[in-house]
Amino acid sequence: MIVTLHLVALALYGLATALTLAPFIRFRPAPRALTIALPCAGAAVHVVAISQLTLIGLGPALSMLAFCLVLLQLASERLLRGAAVSFLAGPLATGLVGLALLSGLTPGADVAAGRNTWFVLHVALSVLGLALLALAFIAAALYLLQFRELKARRFGQIFQLFPPLERLDQLNRFALVAGFPALTLGVLLALGYGAQFSGGLHVAKAQIVWGIFTWVVLGWAVWVRVVRHWAGRRAALASIAGFSAVLLVYVALKLTQPGAERFL
Amino acid sequence: MGIKVVGVNHRTAPLDVRERFAHGAHEVPGALARVMAAGASGGVLLSTCNRTEFYLVADDEPALEAVWSLLGERLPTGPSAEAGAREYGYIARDRDAVRHLYRVSSGLDSMILGESQIQGQVREAWEASRAQAGPVLHRLFQTALHVGSRVRTETGLGMGTASAASAGVAVAGKIFGDLAGRSALILGAGDMAELAATCLGDQGVQITLVANRTQERARAIAERLGGRAVSLEEAWPHFATTDIALCSTAAPHAVVTWERVGAVIGARRGKPLCILDLAVPRDVDPAIAQLENVFLYDIDDLQTVAAQATARRRDEIPAAERIVEEETDLFWAWYGGLGVVPTIKELRARMDAVRAAELERALRQLDHLTPDDRAQVEQFSQVLLNKFLHQPTTALKKAAEEGHGYGLLEAVRRLFGMEPPE
């Protein structure tokens, strides 16, 4: 049942993504109502699937991450009055659901942890934080693309379909400033859970060192935004650097130390 | 009585004539009252910079004559003024008049294809003429607004921006998002500068300064747009704070140079500046665009944006025309069916009265008939009347359903000597 629901959500997200990207391959833009209704329907099916999941292991976490991303995509499209975020968030969410299905949706070994409030909060906040940072990354990428087109006086599809620079900048700021504390709190809850219920932290030294490095890079991106009042292109680049650090460190650790994770 | 539109537009009359025919809001009731006094039973006056059109429910004469006379008086051609007005104008009747208004409200008849301002102007005209519009025009204008909305939501006719000035607004919008509350300084005080500044003002941009070599002209525009008139030299320091700079001077060389504003723009600390250079030759040194936070667009760039929009809009014309035709059919079906039921009732009543009178006269001469025979004769007269009226009744109902009822109705009323419908 969980797999079937994920497959339906995957199909709906995939269809919505295809319709959203259609103008880039010279097709007529799909009606706005349809590009909103499809991910909404996908999210409705997805939430039913997630409610039946135990959030332990890579597959369930990726599924949850995709769901958060779709919700943020829908919310930000309301803010931006356009479908631009879905140009990148759509394929990303679809890919994440696909990856979740490939890596299996059955919970990992420590099923009991899935009933612990600390653990559930840790997963929820970490996933929300990651989704917000992904949204900040998307807004920054869209900003840089639109900026390049405007500076180069090119008035093609990007100029037409992407939102104004100012709104992308606002979205980037909000997502970064909200995502960083959410992720930080998620990590702190993991530490609390480890100390309270798991008999200490079962993580390798490399994970701690690189985790701190990622946190510092992200913290720097937030600091220049909030304290130094960076905006526009420089802030977008800082935001991209922050999210790239998260991704690179995750992939590097995944390749060098497989199986050392609790939920991701 | 039928629906008529009589007037002039940007295709039939030059600007100076259209300016003379344009009616301010305060002139509308008086003008309509004159046309109504000439026999129109309903009227709406739509007057914009591109058209002055009287929508009437009237016979051809003399209401239309009243319109030509009214417009003719505004021409400076003395005794031949009336003929002059007619020369610039056009008349569309009935179904064509309905289609015309629907095309107007959807932007198909606009100078800039698909422009949306006309929708608001149609609404304003309807509201200003509401007391004189009458039920038919009331319905016509209500549906015209619906048609305009349908065309804009179901087709791409209103997509993009189709003039250089509005393209400038669109480009600025892609940088700043909502333009309301942004500040703009205007260099130059020509027509183009004024038009573009008005477009910005319509979006809520505050025109803070108008700089020109001739202070007098700058002052006139500044007063209209709510800004302050300054000399060009006084304008340079304001490049540090303004969001948009609109340049359209008649200078033969670049006036906004690196030397004059480079350092000033550098002090903006990354805050974006959108420069719209509408002048030919260009007012702004292209080197200024090298500054990271400066977005510089010249007239060619803006015309590219406008041309793209116009091309896209042209592709949407067939879809928009289909909607107009569909809605014209719907209105015409409603209009055609308006007086059919009361006319059929009146026709039957009249014929029945004739039948009853003739029957009574005949029976007076047929004293020898038994009561049964008299009843037979009466029944015969009823059946005969029903047979006679069956065809006209069904033809009228069918014509009403098909939207041709109004013309047939008039014919029936004329043939059977009935009063014209309300």
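Observations on the structure shown:
- Once you reduce the range A:24-53 and the range B:222-271 to the center of their Cα atoms, the two points are 47 Å from each other.
- Separation between Cα centres of the range A:180-201 and the range A:208-222, rounded to whole Å: 16 Å
- Its alpha carbons considered, the range B:164-307 gives a radius of gyration followed by a Dmax of 13.4, 36 Å.
- The equivalent ellipsoid that matches the C-alpha gyration tensor of the range B:248-368 spans semi-axes of 82, 14, 13 angstrom, in descending order.
- Volume per residue of the C-alpha convex hull in the protein assembly as shown, rounded to whole Å³: 223 Å³
- Per-residue Karplus couplings for the range A:53-70, computed as 6.51 cos²θ - 1.76 cosθ + 1.60 with θ equal to phi - 60°, are listed in order as 8, 9, 7, 10, x, 5, x, x, 5, 5, 4, 5, 4, 4, 4, 4, 5, 5 Hz, Gly and Pro entered as x.
- Report summary: the helix-based calculation at 222 nm, which adds -39500 (n - 2.57) for every DSSP H run with n ≥ 4 and divides by the residues of chain B, gives -18500 deg cm²/dmol.
- The residues packed around B:Arg130, meaning those with a beta-carbon under 13 Å from its beta-carbon, carry a net charge of 0 if Lys and Arg are +1 and Asp and Glu are -1.
- Taking B:His368, B:His146, A:His6, B:His390 and counting other C-beta atoms within 10 Å, the order from fewest to most: B:His368, B:His390, B:His146, A:His6
- Ordering A:Leu237, B:His23, A:Thr214 by Cα displacement along the dipole of the protein assembly as shown toward the positive end leaves A:Thr214 in first place; charges were set at the Cβ atoms of Lys, Arg (+1) and Asp, Glu (-1).
- One decimal place: the segment B:Leu384-B:Gln142 gains 82.7 nm when fully extended, by the rule 0.36 nm per residue minus the C-alpha distance.
- Rounded to 10°, Cα long-axis angle of helix A:205-226 versus longest principal axis of chain A: 40 degrees
- Descending Cα extents along the principal axes, the range B:340-415, whole Å: 51, 18, 15
- Extent along principal axes [Cα atoms of the range A:2-106; Å; largest to smallest]: 40, 25, 18
- Note on the protein assembly as shown: dipole from Cβ charges, positive end direction compared against A:Leu34, B:Tyr55, A:Ser103; the farthest Cα belongs to A:Ser103.
- Size of charge dipole - chain B - debye, nearest 20, with Cβ of Lys, Arg +1 and Asp, Glu -1, no other charges: 380 debye
- Take the Kirkwood radius over Cα pairs of the range A:2-202, plug it into Stokes-Einstein at 37 °C and 0.692 mPa s, and you get 185 µm²/s for translational diffusion.
- The charge dipole of the range B:147-249, taken about its Cα centre with unit charges on the Cβ of Lys, Arg, Asp and Glu (plus for the first two, minus for the last two), comes to roughly 140 debye.
- For the pair the range B:333-353 and the range B:130-190, the centres of their Cα atoms are 43 angstrom apart.
- Evaluated with a Cβ-only charge set (Lys, Arg +1; Asp, Glu -1), the protein assembly as shown carries a dipole of roughly 2400 debye about its Cα centre, given to the nearest 20.
- Under the criterion of Cα pairs below 8 Å and six or more residues apart, the relative contact order for the range B:340-415 equals 44 percent.
- Cα convex hull of chain B - mean projected area over all directions, nm²: 27.0 nm²
- Relative to the dominant Cα principal axis of chain B, helix B:191-202 is inclined by about 70°.
- Residue among A:Leu71, A:Trp118, A:Leu15 farthest towards the positive dipole end of the protein assembly as shown, charges placed on Cβ: A:Trp118
No value in this document is a laboratory result; all are computed from the given coordinates. It should be emphasised that the depicted structure is a prediction, and the values quoted were computed from it without experimental measurement. Every residue, glycine as well, gets a Cβ built from its backbone with ideal geometry; the counts of neighbours run over all protein chains shown.
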